[in-house]
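The values are calculated or read from the model by the stated rules, or taken from the named source; none is laboratory data. The shown structure was predicted, so the numbers you read here are calculated from the model rather than taken from an experiment. As a convention, Cβ positions derive from the backbone with ideal geometry for all residues, glycine included, and neighbour counts pool all protein chains shown.
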Amino acid sequence: MSDLRALYQEVILEHSKNPRNFRMPDPVDNFANGINPLCGDKLTVYLHVVDDVIEDISFEGSGCAISTASASMMTQRLKGLPVEQANAIFEQFHELLTSNIDQETSDDQLGKLSVFSGVREFPMRVKCATLAWHTLQSALSGEHADVSTE
Amino acid sequence: MTTPHPQALISESLRADFPILEQKMHDKPLVYLDSAASAQKPQVVIDSLSGFYETGYANIHRGVYKLSQDATEAFEHARNTVRDFIGAAEARELIFTRGTTEAINLVAQTYGRSALGPGDEILITEMEHHSNIVPWQILCEQTGAKLVVGLMDDTGTLLLENFAELINARTKLVAVSHVSNALGTINPVREIIELAHAQNIPVLLDGAQAAPHMPIDVQALDVDFYTFSGHKVYGPTGIGVLYGKAALLEAMPPYQGGGDMILSVTFEKTEYNEIPHKFEAGTPNIAGVIGLGAALEYLQGIGMDRIAAHEAALLSYATEKLEEIPQVTIIGTAKEKAGVISFAVEGIHPHDLGTIFDMDGVAIRAGHHCAQPVMEHFGVPATARASFGLYNNFEDVDMLVQTIQHAMEVFS
């Protein structure tokens, strides 16, 4: 598979065109904004956490295929999980994007998120794939500070 | 791609002057379409830098030894080359800066801080690069002055009537880009200068995107300040030029204090040097200046008229080809344009385009082009931008079109 096809896998393109959990909840409980000033990507991640469990998670915004798909698949993967497990998944996801560890040897909590392994060959795009996740962490920390990739 | 290419206006052999273009990117020939961000360097510029360091280097304006005198001469020779290049009356009207950005900041912090007060106005346009917005905003914070913005229409053309109405007794400076970096629009700078001068208001032109692409004559324009960057005119990075009319420069306070900008220093009083040295504190970017001189001589050897005509032919060919693709929207369709073509492809974010282009060996810019208000006007977060230099040819445009088609396949 070419690097380009590995980056733009069907699943990623499909999520970028039809993002899941793409909505603002009513009422808004907890949220954070993320921006990538390099490319102008902007998104907001909304959270509803009860007893350290992510009861609801959604997002809105505009961005490239990688950042939109990553946000969409993040919400799918993390909904219903304890915050601690969400953090562990982010750590694994980050490792998938930046290290050369073979994805199959890692303890697989990533599920479908492993389609992002192609991003590794495009260091400039790692920030696109992690924008939603960093924004989520800001919301979880309760600081509500806007997150910037720069 | 079945139609024959128009006649090339610049000899294909000039392309061989740029060693970087022989390179492959991801096993594909490099197609460099990002000259508006920075231009590649011809061998003569590279040689002038290494030659200066190898055989001619010393500090300037101070040594009594031959090497220093020769370096000073080479440095001041380059100032004269710049004078020729933009048609200034005197070499002392040219100040070397780090680039356009520093040149604009210099004017803001010297002319601006001494001439502006609360309620005064600086008039710019909606299509400015951040470097012709933010220095004025800082000045406004310092002085209580107000930034006023002339609007453009949806083709990216300045609304000149609106602009004229915004000029009033409180306007103390007009600062406008000669050519828009994000849209390619060539602004009606003659008319703007006439309007401003009718009310005795000085005009600064940000020439970063104009100087590489067309003949510039600051005396014919009667412009008060003109700025441009070395790296965009095929010269080194970290060097740029501020042109100012001598009378204005002489009346302005210095920008930075230090060596070279003084005539005499005591702890009681310091006497400043004459222009241009008053504005060139410290050891300057000597090699950068010499490299810039080499770049401008190279351009003069080709002829700016020829370069402008060549790029106009590329732009019109590219515009025609992109208009044939229904999914492509060109952003910035002013009648008067330089070799910049910003565009959007339906359903594909510019950042994704940039990656796919890169894999095909095509270097374009994807982003907001340091002109976020322009993006806001057109309601897009970013655009893809192809821009032309003297080394580009019609095959490069064909590759651009092929790559857009490739991106549409990947995303289909």
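Under the condition of being of a type in the set (Val, Ile, Thr) and out of contact with any Leu (no Cβ under 9 Å at 6 or more places or on another chain), which residue from the stretch A:41-68 is modelled with the highest pLDDT? Selected residue: A:44. Residue B:82: of a type in the set (A, V, I, L, M, F, W, C), farther than 29 Å from residue B:394 by Cα and at pLDDT 95 or above, yes or no? Yes: the conditions hold for residue B:82. Hey, can you tell me all the residues within the stretch B:323-342 that are touching a Ser or Thr at 6+ places or on another chain (Cβ under 9 Å) and among the hydrophobic types (A, V, I, L, M, F, W, C)? Across the stretch B:323-342, the qualifying residues are B:330, B:331, B:334, B:338, B:340, B:341. For residue B:347, the conditions (1) within 14 Å of another protein chain (Cβ to nearest Cβ); (2) within 24 Å of residue B:5 (Cα to Cα); (3) small (Gly, Ala, Ser) all hold with the exception of (2). Out of the residues in the stretch B:241-288 meeting the condition of being charged (D, E, K, R) and without any contact (Cβ under 8 Å) to a residue 60 or more places away in the chain, tell me which one is farthest from residue B:210 (Cα to Cα). Here the residue is B:268.
Results for (1) within 30 Å of residue B:52 (Cα to Cα); (2) without any contact (Cβ under 8 Å) to a residue 40 or more places away in the chain, shown as yes or no for each residue.
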position: B:301; (1), (2): yes, yes
position: B:326; (1), (2): no, yes
position: B:333; (1), (2): no, no
position: B:338; (1), (2): no, no
position: B:341; (1), (2): no, no
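Just to be sure I understand the filter: pairs with C-beta atoms under 6 Å, separated by 6 or more residues or on different chains, first member in the stretch B:368-389 and within 10 Å of another protein chain (Cβ to nearest Cβ) and surrounded by fewer than 24 Cβ atoms within 10 Å (Cβ to Cβ), second member of a type outside the set (D, E, K, R) and part of a strand (DSSP E or B). Which pairs pass? Here the result reads B:381/A:62, each pair linking the stretch B:368-389 to a residue that is of a type outside the set (D, E, K, R) and part of a strand (DSSP E or B).
The residues of the stretch A:1-54 that are under 16 Å from the mean Cα position of the chain (by Cα) and among the hydroxyl-bearing types (Ser, Thr, Tyr), listed by number, are A:8, A:16, A:44, A:46. For the stretch A:121-132, the tally of residues that are surrounded by fewer than 24 Cβ atoms within 10 Å (Cβ to Cβ) and either hydrophobic (A, V, I, L, M, F, W, C) or away from chain B (no Cβ under 14 Å) (or both) stands at 3.
The number of residues in the stretch B:350-366 that are more than 7 Å from chain A (Cβ to nearest Cβ), of a type outside the set (Gly, Ala, Ser) and over 24 Å from the mean Cα position of the chain (by Cα) comes to 4.
Considering A:88, A:71, the condition of being in contact with a helix residue (DSSP H, G or I) (Cβ under 7 Å, 6 or more places away or on another chain) and either modelled with pLDDT under 95 or under 19 Å from residue A:138 (Cα atoms) (or both) is satisfied by A:71 alone. Only one of the listed residues (B:110, B:155, B:100) is in contact (Cβ under 8 Å) with a residue 60 or more places away in the chain, under 21 Å from residue B:278 (Cβ atoms), in contact with a Lys or Arg (Cβ under 9 Å, 6 or more places away or on another chain) and of a type in the set (Val, Ile, Thr). That residue is B:100. Summed over the stretch B:251-270, residues that are touching a strand residue (DSSP E or B) at 6+ places or on another chain (Cβ under 8 Å) and either of a type in the set (Lys, Arg) or within 15 Å of residue B:96 (Cβ to Cβ) (or both) total 2.
Listed by position, the helices (runs of 4 or more DSSP H) inside the stretch A:1-106 whose residues that are out of contact with any strand residue (DSSP E or B) (no Cβ under 6 Å at 6 or more places or on another chain), within 13 Å of chain B (Cβ to nearest Cβ) and buried (at least 19 other Cβ atoms within 10 Å of the Cβ) number at least 2 are A:3-7, A:10-17, A:65-78. Residues of the stretch B:48-55 include at least one that is touching a Gly at 6+ places or on another chain (Cβ under 6 Å) and not in a loop (DSSP other than H, G, I, E, B).
Just checking, does the stretch B:391-410 include any residue being more than 14 Å from chain A (Cβ to nearest Cβ) and closer than 26 Å to residue A:35 by Cα? Scanning the stretch B:391-410 turns up no residue that is more than 14 Å from chain A (Cβ to nearest Cβ) and closer than 26 Å to residue A:35 by Cα. Candidates B:297, B:409: the one that is in contact with a helix residue (DSSP H, G or I) (Cβ under 8 Å, 6 or more places away or on another chain) and either under 18 Å from residue B:180 (Cα atoms) or not in a loop (DSSP other than H, G, I, E, B) (or both) is B:297. Of the residues making up the stretch B:60-97, not one is in a strand (DSSP E or B) and either without any contact (Cβ under 8 Å) to a residue 12 or more places away in the chain or outside the structural domain of residue B:222 (by TED's automatic domain parsing) (or both).
The set of residues in the stretch B:15-72 that are within 30 Å of residue B:186 (Cβ to Cβ) and in contact with a Lys or Arg (Cβ under 8 Å, 6 or more places away or on another chain) comprises B:18, B:20, B:21, B:30, B:34, B:35, B:36, B:37, B:38, B:39.
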